[in-house]
Amino acid sequence: MGNLLKSRLFRVAAVVLLLAGLYTLLGFYAAPRIVRSQAIDFVREKYGRELTLGEIRINPFKLQAEIKDLSLPDTDGKPMFAFRRFFVDFELSSLWRRAYFFKDVQLDAPLARAVIRLDGSVNLADLALPDEADSDEPLPAIWIQRFALGEGTLQFADLTRRVPLERQFTPVNFKLDNFKTTPEGGAFGLTAKTQNAELLEWRGKFALEPQVSSSGELAVTSLNVPGALEVAGVELPFVIPQGEMNLRGSYDVVLNEPMRLAVHLPQMQLNGLTVRARGLEQDYVTLPAIVINDTKIAMPANTVSFGTIAAEGVKADIWTMPDGTLNIDQLFVEAPADGAPPRPPRRHGAGTPRLQAAWTRAGCEPVSAARCCGEL
């Protein structure tokens, strides 16, 4: 009897060891090869592109996976999306948590490149696939205890403009803690910096159920005003060659129908703004400091309100033109259709006196130099 028990135990142990060895072999060696092959074939079939992948590691005992040096090319051959390292730690406790529970997700040095092509299409739209799933299906239960994105790079290019526009944000860092696809959502923090040292800081909460919503605080530091206007596609009749903006505030948004948005900016500061006519090199107006208090934006009411607006040290350099008009009138003259700049004024000679030297009106005394310069 004892020998029989020993024999059965031996066979059970042998089967267990065999299964464990097979599981180890499949997890450590076969699974990475399968992941690589399936990913490359999928991208080749769906997008007609060649995905490149570096080292792939899978630990079947810890339920961890790591992928290095992935790159998805755009149609021009440049990377559309890439990263140096992706790591995910899946927990077996998902079985009794009744949710896909990820203890740790890390994305190191990702790169995303968004391009508006000459035909107006956006390259990222290439990633969309036909929706084969029922859109009414509820979201799967997912819980991410910690998600961290570090040292990211976001590139943007608009090739439809007469002079192609390119911008880059780096480093981009993002953290998300205890995120759930339930009304609790999760807390996040985002920081992004441009090549011009502009800084965005954004912190708040984000939820997907019962509707997509977010609330929190954001701050923008040293935002280059000319660059921001250029990116936004805002065309003014005059030129703002320099100036910075700083702002800080809170927001609350719900992406339902209609969208609900409430933004409160206690203070916005504009520093070092200058204004000049198109095609000229001299600043006509200088605004060293503008402070806008208590700005509120609301939707769907579609309202924008301001508390107070204060400007300090405003200066304007004004003189008469040969035709009797003022030079500052050029600030509101649209550029010719051919793109040629307005004709610059003659600064010296008969018929073009500087205001601070001699600007008279009928029945008035000459204006003082200080008033002519518009010093407030």
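Data table
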read-out: Residue-span extension gain [Ile40 to Glu209] - 0.36 nm each, minus C-alpha spacing; value: 57.5 nm
read-out: Where labels lie 7 Å past Cα in the beta-carbon direction, separation of Phe156 and Gln242 in nm; value: 2.4
read-out: Separation in nanometres of the label points that stand 7 Å from Cα toward Cβ, at Ala262 and Lys62; value: 4.6
read-out: Relative packing of peptides 57-66, 216-225 - highest average C-beta neighbours within 10 Å first; value: 216-225, 57-66
read-out: At R0 = 41 Å, FRET efficiency that the Cβ-Cβ distance of Leu165 and Asp323 yields, to 0.05; value: 0.65
read-out: FRET E, pair Ser71, Ser121, Förster distance 25 Å, beta-carbon r, rounded to 0.05; value: 0.70
read-out: Mean Cβ count within 10 Å, highest first, over the residues of peptides 297-305, 44-52; value: 44-52, 297-305
read-out: Under Karplus coefficients 6.51, -1.76 and 1.60, residue-wise ³J(HN,Hα) of segment 59-67 in Hz, glycine/proline x; value: 9, x, 7, 8, 6, 10, 9, 9, 10
read-out: At R0 = 30 Å, FRET efficiency that the Cβ-Cβ distance of Ile297 and Glu184 yields, to 0.05; value: 0.65
read-out: Whole-angstrom gap from segment 238-295 to segment 49-68, using each part's C-alpha centre; value: 45
read-out: Kirkwood Rh, angstrom, segment 255-336 [1 / mean 1/r, Cα pairs]; value: 15.8
read-out: Length added when fully stretched, Lys78-Thr24, from 0.36 nm per residue minus Cα-Cα; value: 15.7 nm
read-out: Percent of beta bridges antiparallel (DSSP, segment 52-188, rounded to nearest 5); value: 75
read-out: Pairwise label distance in nanometres, Asn271 with Glu50, each label 7 Å out on the Cα-Cβ vector; value: 5.1
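Bear in mind these aren't lab numbers, they're just calculated from the coordinates by the rules spelled out. Since this is a predicted model, take the numbers as computed values, not measurements. All Cβ positions, glycine included, derive from the backbone under ideal geometry; neighbour counts span all protein chains shown.
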